[in-house]
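*Asks:* Quick one: this structure, given as structure tokens, is what I'll be asking you about.
The values are calculated or read from the model by the stated rules, or taken from the named source; none is laboratory data. On a predicted model such as this, the values are computed, not experimentally measured, just so you know. For neighbour counting, all protein chains shown are included, and Cβ atoms are generated from backbone atoms with ideal geometry for every residue, glycine included. With ligands, DNA and RNA removed, areas are computed over all heavy atoms of the protein, side chains included. Shrake-Rupley method; radii C 1.70, N 1.55, O 1.52, S 1.80 Å.
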Amino acid sequence: MLDAEFFRRWMTATAASVDREAERLTALDSPIGDADHGGNLRRGFTAVRESLEKEPPATPGAVLTQAGRLLISKVGGASGPLYGTLLRRAGKTLGDADEVDAAQLAEALRAGLEAVKQLGGAAPGDKTMIDALEPAVDALGQSFAAARSAAEEGAVATTPMRAHKGRASYLGERSIGHQDPGATSAALLIAALETAASGTGADGE
Ligand code: ADP
Ligand code: MG
């Protein structure tokens with residue numbers, strides 16, 4: 001079973017990997033965006049980590065809703081409201097249970113994914129975070145490791161796509177040949193589930 005502490009470790013592990021990969025995320029956002037994705041997410045997940053340390057919520061649902069709220073308020077770019085919506089809707093779906101199982105987590109992330117699709121209007125193949133999130137949610141029923149691989153493959157698969165949503169879509173054909181920064185950060189979020197399950201909040205800690 002997964003308790004509030006697991007969800008806090010998930011958010012802390014995400015903050016750590018976003019911190020480590022911030023320059024890469026910003027570099028990916030340079031040719032097809034405005035070079036702020038790493039900074040945006042670093043600011044957001046640092047605020048999430050600090051808030052969860054200061055006021056640790058008692059339930060899995062509360063951890064995710066608090067994290068989602070902070071991402072929406074702290075991140076200027078499009079990705080803040082999108083990630084915030086993902087986590088807030090997932091948190092709401094978990095309700096006030098003290099512990100949830102992996103199937104409930106998968107169901108909650110499915111609801112979050114649907115909310116992101118509704119908010120941003122993106123579908124698979126549009127070269128966005130959806131291209132990593134959707135295959136990951138599909139694979140979550142197998143294991144965290146399967147979800148991680150699916151998300152990483154999904155992110156890599158955005159390279160030959162033409163962007164149809166977000167800033168990159170302004171480039172039309174010229175968006176082809178670059179990996180999407182949001183799909184890349186979504187893979188970090190999903191990979192952090194495995195880190196959290198191993199009992200640490202950050203790799204190597
Ligand atoms: P901004 O584009 O406002 O600078 P970021 O750079 O932080 O915001 O995030 C860009 C990422 O957000 C993109 O790489 C893409 O994955 C994701 N994104 C943008 N628009 C959408 C959308 N409508 N639906 C889903 N994801 C989107
Ligand atoms: Mg950007």
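*Asks:* Which of the residues spanning the stretch 94-111 are among the charged types (D, E, K, R) and not in a helix (DSSP H, G or I)?
*Replies:* Matches in the stretch 94-111: ASP96, ASP98, GLU99, ASP101.
*Asks:* Follow-up question, since we're still on this one. For the stretch 111-118, state whether one or more residues are open to solvent by 10 Å² or more (accessible area, probe 1.4 Å), over 13 Å from the mean Cα position of the chain (by Cα), closer than 19 Å to HIS164 by Cβ and not polar (S, T, N, Q).
*Replies:* Scanning the stretch 111-118 turns up at least one residue that is open to solvent by 10 Å² or more (accessible area, probe 1.4 Å), over 13 Å from the mean Cα position of the chain (by Cα), closer than 19 Å to HIS164 by Cβ and not polar (S, T, N, Q).
*Asks:* Another question about this same structure. Filtering the stretch 31-86 down to residues that are over 25 Å from ALA123 (Cβ atoms) and touching a Phe, Trp or Tyr at 6+ places or on another chain (Cβ under 6 Å), which residue is farthest from ligand 1 (Cβ to nearest atom)?
*Replies:* PRO60
*Asks:* Criterion first (away from ligand 2 (no atom under 14 Å from the Cβ) and touching a residue at least 60 places away in the same chain (Cβ under 8 Å)) does LEU105 satisfy it?
*Replies:* yes
*Asks:* Can I ask one more? List pairs: first residue in the stretch 17-37 and open to solvent by less than 30 Å² (accessible area, probe 1.4 Å), second residue of a type in the set (Val, Ile, Thr) anywhere in the structure, Cβ distance under 6 angstrom, at least six positions apart or on different chains.
*Replies:* Matching pairs, first to second residue: HIS37/THR26.
Let's see how each residue does on (1) open to solvent by less than 30 Å² (accessible area, probe 1.4 Å); (2) modelled with pLDDT of 95 or more; (3) more than 16 Å from GLY33 (Cα to Cα):
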residue	(1), (2), (3)
GLU152	no, yes, yes
MET161	no, yes, no
LYS165	no, yes, no
ARG174	no, yes, no
ALA192	yes, yes, yes
